[in-house]
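Following: one structure in structure tokens, then a few remarks.
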Amino acid sequence: MPDYFHPDRLQKLADLQNSGADAYPASISVFGDLPRSMSLDLLARAEEIQNTEVCVAGRVLGRRGYGKLAFIDLHDGDGAIQVVLQKDLLPAEDFALLNCLNLGDFIALRGEMRKTDKGQDSIYGSRLEILTKGLENPPDQHYGLADSELRARRRYVDLFTNQSVRENFKKRAAMIQAMREVFLNQDYLEVETPVMHPIYGGANAEPFTTVHNALDMKLYMRIAPELYLKRLVVGGLERVFEFARVFRNEGLSPRHNPEFTMLEFYQAYTDYRGMMALTEELVLAAAAAADCGETVTFRGDDYSLSAPFARIRYADAFKEHLGFDATDRDAVTAKLLEIKHDIPEGDGYAWWKAVNDLFEECVEHKLTGPVFVYDYPSAICPLAKPLAEDPIWAGRFEFFLGGMELANAFSELNDPQLQLQKFEEQVADADPESPNAVDYDYVRALAYGMPPAGGCGIGVDRLMMVLLGQDTIRDVLLFPQLRAEDGLQGSSED
């Protein structure tokens, strides 16, 4: 038996069952014909229901007093209220349940809202029922779980012992809904695209692989929904968006989780500058839903969210922070050698990827923002349209806030012949994080014709990190990926 079934609690469970009570009833009997009243948070602030009968339920997270009088701190998902249990106000069998009650148990209560002699709003119980008997001790009510990894591992405990954690995840839901409303107000269609792909693409990342047994087919968990969403634009759905769960087989870090949420959206007859304006609107809508105001504090620094956000060309940001041009091969080579980076041959994808590695290592963390960095090297943007005035650069931006990249957008490449060429070059380069095969079906879709379009992807979890002021990505994920916990991997029998 697991050691988190504590003997004292098992004994109280047995005592409860021996009394004839059900420790896990399917319905609540003490309410009778009355419905459950409003949430405890509202109940505690509702003056108009003083001296009226209420029905409440929740988790016991505090208890004081014994003998003929007991005080209980009752919590639900929204708040808490004090419960007063007097022996002379309860049936004898109900008051006797206090002998079987532990912190963490769920109870139902029927009683009258009144103020105590000290003026505290309380419920004076007239009926009591235990709804769920807890067999594990909850952490201290005031301190909760102190260890950050334990908090993530036992999120179910972190949530019920820490109201600020619950509030952050409620804000996360409100922020997502606020962004959704931006799209719906602009006639976007919310869609769902496949999670398992025969060819992974739309980003550079190592995928998770699986196998479809019936089809004897190797499949990849999507690293991005981009290519399927653009197929929809080909099909005439001119404005689409998706809150997509995506999977990238990479390490864990304060800003990386292998499973995360990506918001991607595509619009016909616009370009990456149109996506800038929409991205700014989405960020501000999310910030408003999180009650950030015009300033957000992240990792000890304040960032202004006043619009419009700053904009700077990639080449200008590169030179500003490194002191030489991204096109100065000798200077770039010297810097790459200084940071012990391999020097690729030629001037194609591999070379410009090395240039961008330099940008990521030496520049990105200085982009506190909010700022749009635009016109990236075309060679590392196989899905973006090269600039007509200078094809070395592509119509692409990345959005930075707090030194982190939060969004990536393109003027979408819709020339099927050029797209095929770029796919083939990418596969030939054999970058382990690049697609290992040409997506010919996507090229065929472009051959039918895709209108000029802009598209963007926003890392929802990273955006939440900054706007909610959380240091690590796992603090904005309900159940982040963690290393295996000893003894909790289950068992099997031959």
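Below are the figures for this structure:
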read-out	value
Solvent exposure ordering (accessible area, 1.4 Å, most first) of D8, D117, D441	D117, D8, D441
Centroid-to-centroid separation of region 297-351 and region 267-290 [C-alpha atoms, Å]	24 Å
With Cα atoms, 0 to 90° folded angle of helix 7-18 axis to the chain main axis	60 degrees
Area accessible to solvent at E181, 1.4 Å probe radius, in Å²	80 Å²
Accessible surface of region 169-214 [probe 1.4 Å, protein heavy atoms]: carbon and sulfur percent	52 percent
Within straight-line cross-link reach of K170, aspartates and glutamates at Cα separation under 16 Å, skipping those fewer than 8 residues along the same chain	D41, D76, D78, D158, D291, D461, D475
Extended-chain gain in nm, criterion 0.36 nm per residue less alpha-carbon gap, S253 and L478	79.4 nm
Heavy-atom accessible area order for F479, F298, largest first, 1.4 Å probe	F479, F298
Net dipole in debye of the chain [+1 Lys, Arg Cβ; -1 Asp, Glu Cβ; about Cα centre; nearest 20]	1360 debye
Value at 222 nm in deg cm²/dmol, rounded to 500, when DSSP H runs of n ≥ 4 in the chain each add -39,500 (n - 2.57)	-9000 deg cm²/dmol
(1) 58, 56, 46; (2) 63, 62, 45; (3) 88, 60, 49, with the label sought being that of the calculated Cα extents along the principal axes in Å	(3)
Ranked order, S434, S27 - accessible area, probe 1.4 Å, largest first	S27, S434
1.4 Å probe accessible area per residue over region 20-178, in Å²	50 Å²
Between region 19-44 and region 144-158, the alpha-carbon center distance in angstrom	28 Å
Cut-off under 5 Å, modelled amide H: who pairs with F298 long-range	Y303
Nearest-20 debye value, region 89-200 charge dipole, Cβ charges on Lys, Arg, Asp, Glu	160 debye
Lysines with Cα under 27 Å of K218, excluding same-chain neighbours fewer than 8 positions away	K230, K422
Options P207, Y188, A174, ranked by Cα towards positive dipole end of region 169-219, top entry (Cβ charges)	A174
Residue-level accessible surface for L478, protein heavy atoms, 1.4 Å, Å²	80 Å²
Those lysines that a straight Cα-Cα span of less than 24 Å connects to K118, excepting residues fewer than 8 apart in one chain	K68, K87
Amide hydrogen neighbours beyond the local backbone of R396, cut-off 5 Å, H modeled	D375, Y376, S411
Cβ crowding within 10 Å averaged over residues, with 252-258, 184-190, 128-134 ranked highest first	128-134, 252-258, 184-190
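The values are calculated or read from the model by the stated rules, or taken from the named source; none is laboratory data. For clarity, every value in this text was computed on a predicted model and none was experimentally measured. Cβ: placed from backbone, ideal geometry, glycine included. Neighbour counts: every protein chain shown. Surface areas here come from the heavy atoms of the whole protein model, side chains and all, with no ligands, DNA or RNA. Shrake-Rupley method; radii C 1.70, N 1.55, O 1.52, S 1.80 Å.
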